[in-house]
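Peer 1: Quick one: the structure is below, and I'll ask about it shortly.
The values are calculated or read from the model by the stated rules, or taken from the named source; none is laboratory data. None of the values given here were measured: they were computed from a predicted structure. All Cβ positions, glycine included, derive from the backbone under ideal geometry; neighbour counts span all protein chains shown.
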Amino acid sequence: MKLYFSTKHIPQLQSLSLTQRLAAVQLAQSKLIGPEKLCLNVLKMLVVIPVFTLIIQMATNWMAIVWALLVTLLYPILVKPVQYGLCAKYIPQTNTHKEGNN
């Protein structure tokens, strides 16, 4: 599985606008099979649970909010590339030639 840090880097989506890329990724995500969904959801939980744990610790340690914010930054850095990588194989190859040009 190749990791993509942006939808612009997915070869099938390079010629599309942002809204079209996001719609294609959402459609591809709905086609993920069970183990892929499980892997993605476990990864999300591994990022989200520590954030809530650190927020709870704020009552005794105010620096926990800083750590919570830093861990929150892991979501787009870690989860999104894996999500795009899993979804890329379910995105059909689009025709890059524009219709109507002679």
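Peer 1: Quick one: which of Gln93, Gln29 is of a type outside the set (Phe, Trp, Tyr) and modelled with pLDDT of 85 or more?
Peer 2: Gln29
Peer 1: Sort out which residues of region 5-63 are surrounded by fewer than 14 Cβ atoms within 10 Å (Cβ to Cβ), of a type in the set (Ser, Thr, Tyr) and under 15 Å from Gln83 (Cβ atoms), and write them in order of number.
Peer 2: Answer for region 5-63, where residues must be surrounded by fewer than 14 Cβ atoms within 10 Å (Cβ to Cβ), of a type in the set (Ser, Thr, Tyr) and under 15 Å from Gln83 (Cβ atoms): Ser6, Ser30.
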